[in-house]
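Only one structure is covered here, and it is reproduced in the block below.
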Amino acid sequence: MAQLPRSELEMIAVFGPHLAHAQGQRLEAGVEPDRLVKTHCCFCGQQCGIQLKVKDNTVIGFEPWYDFPFNQGMLCPKGVKRYLQGAHPDRLLTALERDPASSGGFRPIGYDAAIQRVAGEIGRIQAQYGNSAFGILSGASLTTEKTYLMGKFARMCLKTPYIDYNGRLCMVSAGAANKKSFGIDRAANAWDDMLHTDVIWISGANVAECAPITTSYVWRARENGAKIIVVDPRITPIARTCDLYLPIKPGRDIALFNGILHLMIKHDWLDHEFINNHTVGFEAVAEHVADWTPKRTAEVTGIAEKGIQQAAEWWGTAKTSFMTHARGIEHHTHGVQNVLGAISLVLASGRIGRPNCGYATITGQANGQGGREHGQKCDQLPGWRDLANPEHRQHIANIWDMPVEEMPQPGVDAYEIFRKIETGEIKGLLSLCFNPKVSLPDSDYVSAMLDKLEFYTSIDFFLNDSARHADIVLPGSLQEEDEGTVTQAEGRVIKINQAIECPGEARQDWRIIQDIAQALGRSKGFTFDGPRAIFEELRRASKGGVADYSGISYEKIEAQNGVFWPCPSDDHPGTPRLFEPNSWNPVAKGAGPFYFPDGKARFNVAPYTPPAEDVDAEYPLMLTTGRVISHFLSGTQTRRIGPLVDQYAEPRIELHPQLAMRLNIQEGDWVTAQTRRGEITLRAQVVRTIRPDTIFVPYHWAGQKSINRLTIAAQDPISKIPEYKVCAVRLIKASQAPAYASQLEPQQ
Amino acid sequence: MPEAQYEFFIDPSRCIGCQSCVQACSECDTHKGQAMIHLEFVNRHYSTQTAPVVCMHCDSPTCAEVCPADAIKKTPDGVVQTARKPRCIACNNCVLACPFGVPKMNSGAELMMKCDMCYDRTSIGKAPMCASVCPSGALYYGTREQIEAQRPRSMPINQFQFGQQTISTKVHMMVPRTAQPEHIDVLSAMHDHTSGHDIFLMMHDE
């Protein structure tokens, strides 16, 4: 395909994003709902319990769900206003076909015709160029049932190796490091273990804005006497009242962790019994950190030596502790190394696997945990099995009733899929729950690759920014229009309940995938009558794997308010805390609590390397990116919800007054940020809550307001996560307002 | 449990500025679509500190005392309500007089509106919307025993001094247990050559 069918402005005029505000029954007082549906928020990885008020097949509001244990009625503003995504003027009610003659660049077509066209193009491309010429991009906001189905669709129906998902942009560095250290990738604890701990260490996690309800756990712990250490280039709201704030230079986290371990060893703040009996590899790590003196650590991290000493003492001498981190240390070309460094502090302290001692990455997406377990990753099969492992392949081939030799070998990560479009290996693409044009780095390249495809189809409920490049758009379902499970940040499997029916010709995503399979004449294995049937197969497929769901049922989830995996049998209650002494797992088989044959955790040497693109005379500042509280991911949903846009309308460039003074920039001025990939002009927000050598821009916006047009596509060699959190940038005061300022509404 | 045992507590030190309270306030049935709660950055240039303000529900509400139309009423259980529509003359006296800056003038409706502690909810035993959703516990609705057990480092106060006026409120503010409520007098903060007494008020230096 070539370019967009119409100009961006013309497409926005028809398909939005437009804003929805409460009106009609949603605004009237005293409207009695037909029913309250207990379910969960559609946004972040915490998956707060919420009750949706349903009237006339529309969600008209919410009522807190006080009894759900994780959030006890609490919600962030996204959860409060999430109901406005339904019955939205931008909602896709039919399939669409690219048509430059139509005003928005698309014309409606019948659902069946659209499915036939998609199947026809898949068939044509695969017949002409081979099975691997068609790729799939999937997402971690889908239910686990859908993610399972997407993996199966790629391997069994399309027989393509090329499927990956947007969790690649999320926590894969943590996942890879967890597997290297513990042999399993899941938060080691429920958050309850934070409440009575001595020290909570938060590295690179804007808890208050990205995992807001976790704030209540941190504050409750503080009230019980916990010391809070926050490591971040910005004084985020959680950092404002912490006990120790370490303003780290972006991309230097491993240096800090090495420096802390150095001091723990120097002062013998170590649990020798735990290190000797339950770990391997400590000596090599100890030798490696010998050079990381406080002086050197301070020079590299940009943190005052006093702060490093204080953090080491509090962490080193604590009796209990909880280490937590998020994308701030994971979005790096050495993201895996950063996480390994954090884990070394946990293992050296011996504080894991018992009450009030914990470790976790804070997963970002709705199903960030479940979405990375059951086979939509490029190298993975259900139950966290390995696509390259012959035994694992055979197990799943048996479940799926397919010849194992027909199952493709591992493919490539999500970004590499675009590089394969460039080289011509991939000619066709289907995407679901992924908006790569906004969420991938160096995104002008991503747009160009979407245009290079012979055929692109996107399944979504709104015309997202990437779908504007599609040939066929299939109208998918909102979270409240389907049921299924997700696994939230703590590892708790919970149940999403259907509140309303899909409107118009929109269909539940799993139906659309099965309809394509049927139209291809390859319906074997794709005749499920609903999510429950998919979940039953998933249970069998995961049995005996590391992520064992075989003992989880919809009924058990409801009865227990969630079930923590692993849950290997019907009478098993689930596992809120991993690595307890004498616990059994299918890898160690009783040899020890960790998921290796000897049951021991692994220390890993984590050498420091600077970011892929360090500052220089030409680009003297660091650019870092992240979220704001009222928006989510690429903004496809939240940029359509009026009150959330009112709360934070457009991206701004955060910079320190020292830098602003040097560049003659005042609060509210238009400023241009430039990197080697591109430039962006936004208004300045001058605040003393950020390092003077760093600027911050949130990433939820598209087009001329998209900061990912500037970020670097450099990736971690192990996890393949992109380095969103640091690249070199320069800043200049803009001579005039950008053209978009008078053409676009804030959310567009 | 009798609803009188439930009380409202504000702890600004916990506030993360997320605006959940603001968004949820506009879902309240008595003023749907409009938020009555105030959430302000103290000074975003310097800090991410924010402060949420709900109506403090004074024992002797200044807003009612200054109302020339006698439009502002208090329920028997101590909740100060939005002005009565037939009486309110939209004079703004209450907006100007409230020591906490709570009432808002709805110019379209020519009516003073304010937080009524989600009377539609609290009067039937449900928690107010803002305190239900608040992710940080900056707004809390519960019993005295609960707050004391959960927050050993702080204590609730409900007496405030504004010039010569002492105000007691139904809503409590959480303050550090170690701090005593102090009323600052300009004289005590002035430099005095004879005593060598020199006190600086904590002010931002830029």
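Points 7 angstrom from Cα along the Cβ direction at A:Val605 and A:Asp379: gap in nanometres?
Result for the modelled spin labels: 2.1 nm.
Average projected area of the Cα convex hull of the stretch A:45-192, in nm²?
Projected area, direction-averaged: 13.6 nm².
Can you order the peptides A:696-709, B:121-134 by their average number of other Cβ atoms within 10 Å per residue, highest first? Don't jump to the answer; show the numbers that get you there.
Details: A:696-709: 24.1, B:121-134: 21.9.
Put in order of decreasing packing, that is A:696-709, B:121-134.
How well do other chains shield peptide A:643-651, expressed as the mean number of their Cβ atoms within 10 Å of each residue Cβ?
2
Quick one: which residues, 5+ away or cross-chain, put their amide H under 5 Å from the amide H of A:Lys55? H built at 1.01 Å from N.
Hits under the 5 Å cutoff: A:Asp34, A:Ile60.
Quick one: if you stick a label point 7 Å off each Cα along the C-beta vector at A:Ile732 and B:Asp70, how many nm between them?
7.0
Please list 3J(HN,Hα) in residue order for the stretch A:732-738, calculated via the Karplus relation 6.51 cos²θ - 1.76 cosθ + 1.60 where θ = phi - 60°; whole Hz, with x for glycine and proline.
Running phi through 6.51 cos²θ - 1.76 cosθ + 1.60 with θ = phi - 60° gives 9, 5, 7, 7, 8, 5, x Hz.
Within the stretch A:675-717, what residues put their amide N at less than 12 Å from the label point 7 Å along the Cα-to-Cβ vector of A:Ala741?
Counting only backbone N, you get A:681-684.
Give the average, rounded to an integer, of partner chain Cβ atoms located within 10 angstrom of each Cβ in B:135-141.
6
Can you give the alpha-carbon Rg of the stretch A:250-336 over 2.2 N^0.38 Å, where N counts its residues?
Taking N as the residue count of the stretch A:250-336, the ratio is 1.10.
Can you pull the one-decimal nm distance between simple spin-label points at A:Glu501 and A:Ala591, each 7 Å off the Cα toward Cβ?
Spacing of the two 7 Å Cα→Cβ label points: 5.6 nm.
I'd like to compare A:22-34, A:299-311, A:142-154: which one has the highest average count of other Cβ atoms within 10 Å, and what's the full order after that?
For the peptides A:22-34, A:299-311, A:142-154, the packing ranking is A:142-154, A:299-311, A:22-34.
Across peptide B:6-18, what mean number of C-beta atoms from other chains lies inside 10 Å of a residue's C-beta?
Mean partner-chain Cβ count within 10 Å for B:6-18: 4.
Using only the Cα atoms of the stretch A:188-361, what do you get for the radius of gyration and for Dmax, in Å?
14.7, 40
Among the listed pairs A:Lys78/A:Lys733; A:Lys78/B:Lys85; A:Lys227/A:Lys705; A:Lys437/A:Lys733; A:Lys180/A:Lys227; A:Lys437/B:Lys32, give every one whose C-alpha distance is greater than 31 Å.
Table pairs above 31 Å Cα-Cα are A:Lys78/A:Lys733; A:Lys78/B:Lys85; A:Lys227/A:Lys705; A:Lys437/B:Lys32.
Mind running the shape call on the stretch A:634-717? Use the C-alpha gyration tensor, a ≥ b ≥ c as the square roots of the eigenvalues: rounded below 1.5 for a/c, prolate if a/b tops b/c, oblate otherwise.
The shape class here is oblate.
Normalising by the residue count of chain A, find the relative contact order in percent from Cα pairs under 8 Å and 6+ residues apart.
19
Assign one of three labels to the stretch B:1-55, namely rounded, prolate or oblate, based on the Cα gyration tensor with a ≥ b ≥ c the square roots of its eigenvalues; rounded applies when a/c is under 1.5, prolate when it is not and a/b is larger than b/c, and oblate otherwise.
Verdict is oblate for the stretch B:1-55.
Using a cut-off of 9 Å between beta-carbons, work out the net charge of the residues near A:Glu121 (Lys and Arg +1, Asp and Glu -1, A:Glu121 not included). Show your work: numbers first, answer last.
Details: positive: A:Arg117, A:Arg124; negative: A:Glu454, A:Asp471.
Taking every Cβ under 9 Å from that of A:Glu121, the sum is 0.
Can you put A:Met449, B:Met117 in order, fewest other beta carbons within 10 Å first?
So the ranking, lowest neighbour count to highest, is A:Met449, B:Met117.
Computed FRET efficiency, Cβ-Cβ of B:Arg87 and A:His196, R0 45 Å: what is it to the nearest 0.05?
0.30
Leaving out same-chain residues fewer than 8 places away, which lysines sit with a Cα under 17 Å from that of A:Lys152?
Leaving aside lysines fewer than 8 places away in the same chain, those within reach of A:Lys152 are A:Lys377, A:Lys524, A:Lys543.
Going Cα to Cα from A:Lys295, which lysines come in below 19 Å? Please leave out same-chain ones fewer than 8 positions away.
Straight-distance partners of A:Lys295: A:Lys249, A:Lys266, A:Lys306.
Of all alpha-carbon pairs in the protein assembly as shown, indicate the percentage at a distance above 46 angstrom.
27
Output wanted: per-residue J couplings in Hz (rounded whole) for the stretch A:6-15, from phi through Karplus 6.51 cos²θ - 1.76 cosθ + 1.60, θ = phi - 60°, x for Gly and Pro.
9, 5, 4, 4, 5, 5, 5, 4, 8, 9
Check which residues have an amide H placed less than 5 Å from A:Leu387's amide H, if you skip close sequence neighbours.
Under 5 Å from the amide H of A:Leu387: A:Gln380, A:Leu381.
For the stretch A:148-162, take each phi angle, set θ = phi - 60°, evaluate the Karplus expression 6.51 cos²θ - 1.76 cosθ + 1.60, and give the result in whole Hz per residue in order, putting x for glycine and proline.
4, 5, 5, x, 5, 4, 5, 7, 9, 7, 8, 6, 9, x, 9
Here, each number is a calculation from the coordinates, and none is a lab measurement. Keep in mind the model is a prediction, meaning the values are calculated, not measured. Quick reminder, even Gly has a Cβ in these numbers, built from the backbone with ideal geometry, and neighbours come from all protein chains shown.
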